[in-house]
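Since the structure comes first, as structure tokens, the remarks are kept for the end.
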Amino acid sequence: MKMWLMDILACPAEDCRSKLNLEIYTQHEIKIDNDSVTEIDEALVTCPKCGRWYPVIDGIVCMLPDEQRLEGKQRIEETKFLEKWKGRIPTEILKGGKPFGIQEE
Ligand SMILES: [Zn+2]
């Protein structure tokens with residue numbers, strides 16, 4: 001995911017559409033001619049308005065509706081992401097994040 005993409009992303013929740021915050025965990029630079037572009041590999045996107053969080057996994061930002069994140073493969077993938085970065089993810093997301101967290105409240 002390119003850094004500039006953050007400027008045009010908004011929270012996909014129907015009742016929200018707020019601007020989002022980004023916390024980058026891993027990134028690398030790509031050289032295009034003489035310019036370098038920041039490519040984000042893993043990051044946490046958070047919404048200051050509704051409290052939802054979205055993961056960037058392998059360079060792809062996952063912004064699915066809550067009901068698709070709560071089940072099956074997606075839930076497993078996103079839980080793995082929370083486990084991997086739990087030392088850097090804010091406690092309020094680990095406990096009681098929207099749509100889910102990994103720790104008991
Ligand atoms: Zn939101």
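Quick notes on this one:
- Just one of (1) of a type in the set (A, V, I, L, M, F, W, C); (2) open to solvent by less than 80 Å² (accessible area, probe 1.4 Å); (3) free of Cβ contacts under 8 Å to residues at least 40 places away in the same chain; (4) within 16 Å of the ligand (Cβ to nearest atom) fails for ILE8. It is (2).
- Tabulated pairs, region 91-102, first open to solvent by 20 Å² or more (accessible area, probe 1.4 Å), second among the polar types (S, T, N, Q) and outside any strand (DSSP E or B), C-beta under 9 angstrom, 6+ apart or interchain: ILE102/THR79
- Of everything listed in (1) within 16 Å of ILE102 (Cβ to Cβ); (2) among the aliphatic types (A, V, I, L, M); (3) open to solvent by 30 Å² or more (accessible area, probe 1.4 Å), the single unmet condition for MET63 is (1).
- Every listed requirement among (1) touching a helix residue (DSSP H, G or I) at 6+ places or on another chain (Cβ under 7 Å); (2) within 16 Å of the ligand (Cβ to nearest atom) is met by ILE40 save one, (2).
- Complete set of residues in region 43-60 that are surrounded by fewer than 20 Cβ atoms within 10 Å (Cβ to Cβ), touching a residue at least 24 places away in the same chain (Cβ under 8 Å) and more than 16 Å from the ligand (Cβ to nearest atom): ILE57, GLY59, ILE60
- Subset of region 13-23 that is open to solvent by 40 Å² or more (accessible area, probe 1.4 Å) and within 12 Å of the chain's Cα centre (by Cα) - its residue that is farthest from the ligand (Cβ to nearest atom): GLU23
The values are calculated or read from the model by the stated rules, or taken from the named source; none is laboratory data. Since the structure is predicted, the reported quantities are computational estimates derived from the model, not experimental observations. Methodologically, a virtual Cβ is constructed for each residue, glycine included, from the backbone with ideal geometry; neighbour enumeration extends over all protein chains shown. Surface areas here come from the heavy atoms of the whole protein model, side chains and all, with no ligands, DNA or RNA. Shrake-Rupley method; radii C 1.70, N 1.55, O 1.52, S 1.80 Å.
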